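Taking it in order: structure first as structure tokens, then the write-up.
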Amino acid sequence: MTDSSTPRRDIDRVASGLAARLPALHRALDRRVAAQYPHPKPSEGQLTLLRFVAQREGATVREAAEALLMKPNNVSALVSQLTGRGDLERRQDDADKRVAHLHLTATARERLSEVRELETAFLRHALASLTEGEQGALGSALDALDALTRHLHPAAR
């Protein structure tokens, strides 16, 4: 006779494991990048906003706040910091002068690329130390992680 709570226990184990391991993985990668990044590293919030704008060039503060699950005033503060650093530009909307569209500067685009290259290199090196089975399991999990992200935040892409 099978225990009807087994699938529930499996889901609980996976949920608990993801909740514990994903932030730890992110922190470890972030620390490795920060140690090798040759420029002042943007804060996590700034980096998140820069990545969003890189994907959605011309987005507004409100659109960024909705997509990133942040308060518009917090995004606005990040925009002010990043424009002050020369990483973002605000461009006024032609039809509504109260609306600004966000655009990366060439420097920010280059530095985001440097961060992505560092992240990829560190992960590539770490993945090379795993067994083929572990590598395959992680590769197979990518689509499932995307689906999980969409369930938690439908606007995530």
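Bear in mind that the values in this text are calculations on the coordinates, not laboratory data. Quick caveat, the model's predicted, so the values are computed rather than measured. Cβ: placed from backbone, ideal geometry, glycine included. Neighbour counts: every protein chain shown.
Distance between the pseudo-spin-label points of ALA95 and ALA28 (7 Å out from Cα toward the beta carbon): 4.9 nm.
The magnitude of the dipole of the stretch 2-113, with charges of +1 and -1 set on the Cβ of Lys/Arg and Asp/Glu and taken from the Cα centre, is near 340 debye.
Relative protection proxy for 76-82, 96-102, from highest mean packing down: 76-82, 96-102 (other beta-carbon atoms within 10 angstrom).
Computing Cα extents along the principal axes in Å directly from the structure and comparing it against (i) 81, 32, 22; (ii) 57, 36, 27; (iii) 68, 36, 20 singles out (iii).
Counted by Cβ distance under 12 Å from LEU25, the other residues give a net charge of +2, where Lys and Arg count +1 and Asp and Glu count -1.
The GNM of the chain, with springs linking C-alpha atoms under 10 angstrom apart, assigns the highest mean-square fluctuation among LEU68, LEU47, LEU142 to LEU142. P(r) tail, the stretch 21-63: Cα-Cα pairs separated by more than 12 Å, 69% of all pairs. What the Cβ-Cβ distance of ARG56 and ALA144 gives, at R0 = 25 Å and to the nearest 0.05, is a FRET efficiency of 0.50. Of the residues GLU44, GLU119, GLU63, the one that moves most in a GNM of the chain with alpha-carbon contacts below 10 Å is GLU44. Placing dummy labels 7 Å off each Cα toward the beta-carbon, the span from ALA15 to ALA137 is 2.1 nm.
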